[in-house]
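Reviewing the structure listed below.
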Amino acid sequence: MNVPMNNDSSGVVRTASSPGLSGRATSSDVISTTRRGSKSSWGRAAFACGLALVLATQAGCASGPKNPDDEWTEIRKSAQSSSRENEVAAWLLLELLSPGGSPAEARKARKRLDELKAEGLLAEFGRGLDDLAHGRPGPAGEAFFRSVVAASRSEDERAPLIAWFAAQHTYELSSQSKDFGKRHHDEVERLLAEPGRIGFRAYATVVDLWMLEAAAVAEKDIETKIAKRLGCVSDVRIAGPFGLAAESEILRSYAPEKRGPEPVSFDKQKYQTFVPHVLDVTRSGCDVDADESVPDGVFYAESFVTVDAEHDVILTASGAFRLWVDDQLVLDRDPRQWGIWPKFGVRARLAPGKHRLLWKLSNPSTSLRVVRPDGRPLAVSASSEPGDGYALDKVRVGADPNELMRFIKSGHVEAPDDVVTRFLAAYLADFEGQPDVATVIFEPLVKEPNRATGIALVTAAGFVEGDPIYDATQTRDLVHELEVRAVERDGALLAPQLRSAIWESNQKGTVAAVEPLEKLVAAYPDVPNLHYTLAHVYEELGWGPELERVVRRIIDQFPDSPDA
C-alpha cells in the first residue's frame with residue numbers, strides 16, 4: 001500500500017514543477033503548462049472523431065474514418081485565416097499537444113494569436129504553455145496569471161482545472177518577473193475577494209501568491225494572516241499512536257472512531273509498548289504537529305467547529321485517510337482503491353451549532369481547512385475540547401468538489417475526449433501523487449511515438465519517473481529515450497536538453513556537462529535554473545573563476561529570486 005502523502009492544505013505541493021526553471025530539472029517540469037481549453041473552442045466530439053476540432057460555433061465531424069494528416073490540413077487551413085481568438089488558441093494548443101502536431105505550425109499559430117492580441121482564457125493558457133516549454137519563464141508566468149484571472153469570470157466548465165494548473169505555475173514563476181507581486185497586488189486581492197470560478201485548489205495557491213508579496217514587504221504576522229485567508233483551523237488535538245508500525249494498520253478501526261469525543265488517554269493494546277494518548281502539539285499557521293517523540297502508527301486528529309448558520313463548506317484535512325463529521329464518515333480514501341488519493345476534500349452542509357471533526361492519519365502532522373465552495377474562508381469558532389457535546393443530525397454530503405475525480409471512477413479511468421483536458425487531468429493527477437493514474441489518462445497522446453509532440457513525450461517521461469510499475473533501471477532508460485525523442489520532435493524544448501546534459505555527465509563524468517550547459521545558458525539566458533546548474537557543476541569541478549563569474553551573473557540577473 002504505497003500511498004502518496006504529498007497533499008498540503010495550502011494547495012502548494014511541489015516547488016519544482018516548472019520545466020527547467022526552478023529546483024531540479026524534471027521531465028514533468030517541461031510540460032506543466034497546459035490546462036483545459038475553452039468550451040466554446042474545444043469540443044469533446046472533436047477528439048472522439050479522431051483529430052477533428054470543434055472551433056468556436058462549428059461542431060460535429062465528418063462521418064467515417066479520415067486520414068489524420070487530412071484532419072490536420074483542414075484544421076490548419078481553417079485556423080490560419082481565422083480572426084476568432086478561440087479558434088487560433090485551439091490551433092496552438094493542438095499543435096503543442098495533439099499527435100501530429102508540428103513545432104513549425106505551432107510557431108505560426110502563436111504568431112497569429114499574438115497578432116490578434118487575444119486575451120481569453122484559452123489564449124493566455126496557450127501562451128503560458130508555449131513560453132514555459134521553450135525557455136521563456138517570465139512571459140510564461142505572466143500569461144498563466146492572466147489565465148487565472150480569465151478563469152475567474154469564465155463559464156467554461158474547465159475553468160477550475162485551468163486555474164489550478166495556472167495558479168501553481170504562476171506561483172513558481174513569479175520570481176522570474178521583476179516586481180511581480182507589486183505589479184499584480186490589486187489583481188491578487190480581487191481574486192481573493194471574488195474568486196469566481198477558479199475553484200478551491202487554485203484559491204489556496206493565490207493565497208500563496210499573496211504571501212510572497214507580503215513577505216517581500218516584510219508584513220507582520222504573515223503566518224496568522226495566511227491561515228485566516230486559507231480558512232485554517234489550528235485548534236486541533238492529535239492522539240496516538242494506535243496499532244503497530246505497518247501500513248496495513250491504517251485499515252483497522254481504533255477507539256477514537258467510536259461515537260463521542262476521544263478521551264485524553266487510551267488503554268494499551270496487545271503487542272504495543274506505547275500507550276496512546278493525546279499528544280503535545282505545536283501550531284504554526286495552518287500546521288499542527290506533534291511536539292513529542294512517538295513511535296510510528298495510526299493517529300487521529302480532532303476539532304470541534306461551531307458555525308452560526310447553515311453553510312455549505314468544503315473540508316480538507318491534509319494527510320487524512322478518513323474524515324468524520326459528527327460521527328458520520330464523509331470522506332474515505334481507502335488506500336486499497338486505485339486512484340483514490342486525489343479525493344482531497346469533501347463538500348458538506350453544516351447546520352448551525354457545534355460539529356465534531358475527526359480524521360485518521362499515518363503520522364502526527366496535519367492541517368484543517370473549512371472554506372466556502374469557491375475557496376474563500378468561512379469564519380468559524382473552533383476548539384480542541386468537546387465542551388457541551390455536538391450535533392448528531394445526519395450530515396448532508398454534497399457533490400464531489402475534487403476536479404480530478406470526474407476522471408477516476410471506482411478504480412477505473414474515464415478519460416476526457418479532448419486533448420487539452422486529457423493533458424491537464426494527467427498532469428494534475430501526477431501532481432497529486434498518482435503518476436500511475438496520469439500514465440493511463442495520458443497514454444493516447446503518446447501511443448504512437450513518431451506522431452507524439454515533443455511536449456507530450458516529455459510529459460510522459462515525467463510520469464514514468466514516478467510510476468512504481470518501473471524499476472530504477474527501466475525508469476532511467478525509458479525517460480532518456482522519451483526525452484531524446486522529444487528533442488527530435490521539437491529541438492527548442494528546454495527541459496529535455498538540460499536532462500540530456502545531466503545524462504551525459506552521469507555517463508562520462510561531470511566535466512562532460514560543462515559545454516552543453518554553457519550552450520544552454522547562452523541560448524536560454526532568462527532561465528535561472530540553467531545558471532544554478534552550471535554553478536553547481538563549476539563548484540563540483542573546483543573551477544573557482546568560472547563559479548564566481550556565474551554567481552555574479554545570477555545575482556545581477558535574478559535579484560528577486562530567493563535562490564539567487
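Please name all residue pairs, on different chains or six or more residues apart, with Cβ atoms under 8 Å, provided the first residue is in the stretch 217-231 and is among the polar types (S, T, N, Q) and the second residue is surrounded by 12 or more Cβ atoms within 10 Å (Cβ to Cβ) and assigned to a loop (DSSP other than H, G, I, E, B). Once the first residue is among the polar types (S, T, N, Q) and sits in the stretch 217-231, its partners that are surrounded by 12 or more Cβ atoms within 10 Å (Cβ to Cβ) and assigned to a loop (DSSP other than H, G, I, E, B) give T224/G285. Of the residues making up the stretch 364-376, those that are open to solvent by 30 Å² or more (accessible area, probe 1.4 Å) and either under 18 Å from L331 (Cα atoms) or not in a loop (DSSP other than H, G, I, E, B) (or both) are S365, R372, P373.
Which residue out of G462, G454, G466 is modelled with pLDDT under 95, open to solvent by less than 30 Å² (accessible area, probe 1.4 Å) and out of contact with any strand residue (DSSP E or B) (no Cβ under 6 Å at 6 or more places or on another chain)? Answer to the selection: G462.
Answer yes or no as to whether T306 is part of a strand (DSSP E or B), farther than 16 Å from R349 by Cβ, hydroxyl-bearing (S, T, Y) and over 27 Å from the mean Cα position of the chain (by Cα). Criteria not met by T306. For T316, are the conditions met, namely being more than 17 Å from V395 (Cα to Cα), among the β-branched types (V, I, T), crowded, with 19+ Cβ neighbours inside 10 Å and at pLDDT 95 or above? Considered against the rule, which asks whether it is more than 17 Å from V395 (Cα to Cα), among the β-branched types (V, I, T), crowded, with 19+ Cβ neighbours inside 10 Å and at pLDDT 95 or above, T316 comes out as no.
When residues in the stretch 395-410 are screened for being among the aliphatic types (A, V, I, L, M), open to solvent by 70 Å² or more (accessible area, probe 1.4 Å) and assigned to a loop (DSSP other than H, G, I, E, B), 1 of them pass.
Within the stretch 507-536, residues that are at pLDDT 90 or above reach partners that are outside any helix (DSSP H, G or I) and of a type in the set (V, I, T) with beta carbons closer than 9 Å, at six or more positions or on different chains, in the pairs L520/V527; V521/V527.
Of everything in the stretch 491-500 that is touching a residue at least 24 places away in the same chain (Cβ under 8 Å) and surrounded by fewer than 24 Cβ atoms within 10 Å (Cβ to Cβ), the residue that is farthest from L129 (Cα to Cα) is G491.
Scanning the stretch 469-489 for residues that are assigned to a loop (DSSP other than H, G, I, E, B) and either crowded, with 19+ Cβ neighbours inside 10 Å or of a type in the set (D, E, K, R) (or both) gives a single hit, D471.
Contact annotation: residue pairs with Cβ atoms under 6 Å, 6 or more positions apart or on different chains, pairing a residue in the stretch 179-197 that is in contact (Cβ under 8 Å) with a residue 60 or more places away in the chain with a partner that is buried (at least 16 other Cβ atoms within 10 Å of the Cβ) and among the acidic types (D, E), are P195/D374.
Does the stretch 433-441 contain at least one residue that is open to solvent by 50 Å² or more (accessible area, probe 1.4 Å) and over 21 Å from the mean Cα position of the chain (by Cα)? Within the stretch 433-441 (the criterion being open to solvent by 50 Å² or more (accessible area, probe 1.4 Å) and over 21 Å from the mean Cα position of the chain (by Cα)), the answer is no, since none of the residues qualifies. Residue count for the stretch 111-151 satisfying the condition of being more than 21 Å from A523 (Cα to Cα) and open to solvent by less than 20 Å² (accessible area, probe 1.4 Å): 16. Candidates L392, L378, L329: the one that is in contact with a strand residue (DSSP E or B) (Cβ under 7 Å, 6 or more places away or on another chain) and touching a residue at least 24 places away in the same chain (Cβ under 8 Å) is L378. Regarding the stretch 280-301, can at least one residue be identified that is crowded, with 17+ Cβ neighbours inside 10 Å, acidic (D, E) and closer than 25 Å to C232 by Cα? Yes: one or more hits.
Out of the residues in the stretch 326-352 that are farther than 30 Å from Y427 by Cβ, out of contact with any His (no Cβ under 6 Å at 6 or more places or on another chain) and assigned to a strand (DSSP E or B), state the one that is least open to solvent (accessible area, probe 1.4 Å).
By that ranking, first place goes to Q328.
Inside the stretch 99-139, residues that are over 25 Å from the mean Cα position of the chain (by Cα) and either more than 28 Å from N529 (Cβ to Cβ) or not small (G, A, S) (or both) make up a count of 14.
When restricted to residues that are open to solvent by 40 Å² or more (accessible area, probe 1.4 Å) and either part of a helix (DSSP H, G or I) or of a type in the set (D, E) (or both), the stretch 513-543 contains 12.
Of all residues in the stretch 437-468, those being touching a residue at least 12 places away in the same chain (Cβ under 8 Å), part of a loop (DSSP other than H, G, I, E, B) and more than 20 Å from A415 (Cβ to Cβ) number 1. Checking K343 against (1) touching a Ser or Thr at 6+ places or on another chain (Cβ under 8 Å); (2) within 30 Å of E443 (Cβ to Cβ), which test does it fail? All conditions pass for K343, except number (1). Checking each residue in the stretch 175-200 for being surrounded by fewer than 23 Cβ atoms within 10 Å (Cβ to Cβ) and of a type in the set (G, A, S) picks out S177, G181, A193, G196. A count restricted to the stretch 251-260 and to residues that are within 30 Å of D388 (Cα to Cα) and either surrounded by 17 or more Cβ atoms within 10 Å (Cβ to Cβ) or among the hydrophobic types (A, V, I, L, M, F, W, C) (or both) stands at 3.
The values are calculated or read from the model by the stated rules, or taken from the named source; none is laboratory data. Quick caveat: nothing in here was measured; it's all calculated off a predicted structure. So basically every Cβ, Gly included, is an ideal-geometry build from the backbone, and we count neighbours across all protein chains shown. These area figures cover heavy atoms from the full protein model, side chains too; ligands, DNA and RNA do not enter into them. Shrake-Rupley method; radii C 1.70, N 1.55, O 1.52, S 1.80 Å.
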